[in-house]
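Input: a single structure, listed below in structure tokens.
Laboratory data are not the source of any read-out in this text; all were calculated from the coordinates shown. Quick caveat, the model's predicted, so the values are computed rather than measured. We place every Cβ from the backbone using ideal geometry, glycine too, and count neighbours over all the protein chains shown.
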């Protein structure tokens, strides 16, 4: 299947759908074209290594994007082995399950990732790359994001405490998120169970932490507190969070910007 | 008064009595395993058994005791909202303690009868209801593997209708949350901590192998008590 070659290269991003014609190029190609405005990185990809199998169906694929850092770059907080298994096995499993579901269900073609999540709601969830990519050595948020955090939580320390508390009081498997709430127009910390994504509540995720046991068990065994603390202090990529914040502000009006007076 | 509480208070079958608080509040302590950690290999590694028992189960007990104390306080003070707020912690940690206590009794080393298929009334009931033991095992494995997130898969008996059931529960919910007349015979922990170090994410392999150390004798005893 061509998506697997797509998955190992960093050219194909998770949000792009590759259309693979099953007929040789000489025949008239039936392609399903879905303009997707919310996916600026959409790239049609012709894969001629695919020999005609006599099937005229067109598949939409999601590929597994590489994390933006080497797998051992997060040591000593998260071992290479953990990332190999978490990203390579769990995440890949979710993407494969997603592709399998897409194969079966025609009406899901052409949906953006966001729409898919809302429609399927916890069924074979693939949004996780969204979150894993957030992990990178970073210390503190800056500028706009920091200001908003201070406005909504009082101080960055307070936010950190609340986030850690949420992570430690989550029962079972789940995620902890920093989201921008659309209606309340402020940042908030939410907990979701299993693989639910706050997008289903129409909130925009800024940053997240996986507290399923598989994400820390190999390195920390049952010491969830240490994992959560290390994550908050050393692993969060505030740069990525800032990027998401900026994008989120395109959808949520947080008020007039403070323009400095000359 | 304390002595009477000692004698009459019904407590969990295998939770040794902890210290009695001033008001007779019973706390719980970690039950000992009737076998060594390493004796369930290669189905479940000794590492996992030790962590599971000494760390996870102990944490549930500690937090359960804490929640019970807080609940006791709230009830004594008549603080209804605090009492209700504690319910989820009690369900989670108390359920964790109950479930794991049953789990340890559900397992036995192979040389002590682990894996030996059930005989007499339970064996007959399984054949009657499911067709054969293999079918039951397939069913439980399928449900266990399909469970999303954390939870348990159970073989239980409905003591009202005298019927065997296969159920799953989420997180640490005990089997009774699926039906008040359900009594657990066998429970398999499918939280990731129960298998991750050994099987990584391949939960089906864990489920396939755990049957080699399942203690059917205990399940038969419980069944015979409920359905004589």
*On Cα atoms only, tilt of B:120-130 relative to the major axis of chain B in degrees*: 80
_Using Cβ contacts closer than 10 Å as the measure, can you line up B:161, B:28, B:130 from fewest to most?_
B:161, B:130, B:28
_Only counting other Cβ atoms within 10 Å, I'd like A:165, A:213 sorted with the fewest neighbours first._
A:165, A:213
_Between the range B:161-228 and the range B:70-116, how far is it from one alpha carbon centroid to the other, in angstrom?_
15
*Mind checking the angle between helix B:133-146 and chain B's longest principal axis? C-alpha axes, 0 to 90 degrees, to the nearest 10.*
60
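Return B:216, B:152 ranked ascending by Cβ neighbour count within 10 Å, so the fewest neighbours appear first.
By the 10 Å Cβ count, ascending, the order reads B:216, B:152.
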*Averaged over peptide B:183-196, how many Cβ atoms belonging to another chain are found within 10 Å of each residue's Cβ?*
2
*Added length on full extension, which subtracts the Cα-Cα distance from 0.36 nm per residue, residue A:233 to residue A:155*: 26.6 nm
